[in-house]
Structures are given as C-alpha cells and as structure tokens.
Amino acid sequence: MRTPAWERWKPAAPARVHLLAAALLWTGVGVGLGTAGAVWTFGVAGAWGWALLPAALAVGLLKARVALEPTARRSAARIRARGDGRCLGGFLSWRTWLFVTAMMALGAGLRRSPLPRGVLGFVYVAVGAALLRGSRVFWAEVSRGGGFVNRRADRVL
C-alpha cells in the first residue's frame, strides 16, 4: 500500500524532541515577555519599578503553581504517551495551539489598548515568570535519561 504524501513529508520527531520544542517555546516566550515587561515597567515607573518587579514575579510564580505547572505536566505526559515518530507541530494539542493564538491576539490587543505601559509591563513580567517556571517541567523531562541519542550513529548528540 502506498504511503500518503502528507505522511511522507510530515516533520516527524521523537518524543524527546517534542519535549525540547515545548521547553524552548515556553522559555523563549517567557524570556521575551519578561524582558519587554521589565523594560516597560522601568521605563514608566522608574525607581518604582524595583517595587513593582517583585510583586509581578510573585504573581507570576503563583500563576505558575496554580495553572501553568499542572498544564505543563499534562502536556509532557501527553507527549510521552503519543510516543516517537509524531509530527513535530503536535508537541502542542490543537486546543493548546488555539489557546496560544488567542493569547497572542490578546497581547497584540493589549499593546494597542490605552492601558499604560507600566500596567502592561507588570502583566508581561508576571506571565513571563509563570512561563519560565512552568518550562522547568519540560526541561526536567528533556534532561531525564541523558542526551539525545542518534540511533543511526549510536552516539549522543
């Protein structure tokens, strides 16, 4: 039986690469949001930024504990359960991709809103901190069991 073209061309990857993709996404977005938020907070609040920053970090860590770490654990378990050889874009479920898109749209809307940058900076730092804290779940899964193994060459990459 002939393999469909979409099966031949899909970017399949091992589960560990899916976990790495999730870790990189959560970390990259967390760093980006946190950095933008800190710049906005200090740009508007000046010295008050030093008072706002710990508060935003505390809110972010609480959000991570309540929402993002459990979500990351479910996502990592889903990736492991799916196994190797799945499409790389599937490291997030369709529902999660829709949620990511909605959050991007919300962020774009907030940046264009009349809200002061200092307020947005607080929110961005909090969300960035939560994503960074949640990304630890994926990094722990990636690091579990050693390096990435290239089975064809039987060597650690």
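Test of understanding: what is the full-extension gain from R8 to R136, defined as 0.36 nm times their sequence separation minus their Cα-Cα distance?
My answer for the length gained is 42.8 nm.
Cα axis of helix 69-82 to longest principal axis of the chain: angle in degrees, 0 to 90, nearest 10?
Its long axis makes an angle of about 10 degrees.
Counting only the heavy atoms of the protein chains, how much of F99 is accessible to a 1.4 Å probe, in Å² to the nearest 10?
Here the accessible area works out near 130 Å².
Tell me what the chain gives for mean residue ellipticity at 222 nm when only DSSP H runs of n ≥ 4 count, each as -39,500 (n - 2.57), the sum divided by the residue total, rounded to 500 deg cm²/dmol.
-24000 deg cm²/dmol
Roughly what would the spin-label model give for L24 and L98, points 7 Å off Cα along C-beta, in nm?
2.7 nm
Using the basic label-point model (7 angstrom from Cα toward the beta carbon), what is the R80 to L115 distance in nanometres?
Going by the 7 Å Cα→Cβ label model, 3.5 nm.
Mind pulling the angle between the C-alpha long axis of helix 117-143 and the longest principal axis of the chain? Nearest 10 degrees, somewhere in 0 to 90.
Tilt of helix 117-143: around 30 degrees.
Rank these by accessible area, largest first, 1.4 Å probe: W48, W94.
W94, W48
What's the extension gain from T71 to L106 if we count 0.36 nm per residue and subtract their Cα-Cα distance?
Contour length minus the Cα-Cα distance gives 10.6 nm.
Work out the charge dipole of the chain with +1 on the Cβ of Lys and Arg and -1 on the Cβ of Asp and Glu about the Cα centre, then indicate which of G83, P4, G28 is farthest towards its positive end.
Most positive-ward Cα: P4.
So how strong a dipole does region 1-137 carry about its Cα centre when Lys and Arg Cβ are +1 and Asp and Glu Cβ are -1, to the nearest 20 debye?
Around 460 debye, computed over region 1-137.
Under a 5 Å amide H to amide H cut-off, with H placed in plane at 1.01 Å, what residues pair with R86 once short-range neighbours are removed?
The list, which skips near neighbours in sequence, is A13.
Leaving ligands, DNA and RNA out of it, rank S143, S135, S113 by accessible area with a 1.4 Å probe, largest first.
Largest accessible area first, the list is S143, S113, S135.
To test your reading of the geometry: what angle, between 0 and 90 degrees and rounded to tens, separates the Cα axis of helix 15-45 from the longest principal axis of the chain?
10 degrees
The values are calculated or read from the model by the stated rules, or taken from the named source; none is laboratory data. Given the structure is predicted, the values throughout are model-derived calculations rather than measurements. Glycine gets a Cβ as well: all are built from the backbone with ideal geometry, and neighbour counts include every protein chain shown. Just the protein is used for accessible areas: all its heavy atoms, side chains included, with ligands, DNA and RNA removed. Shrake-Rupley method; radii C 1.70, N 1.55, O 1.52, S 1.80 Å.
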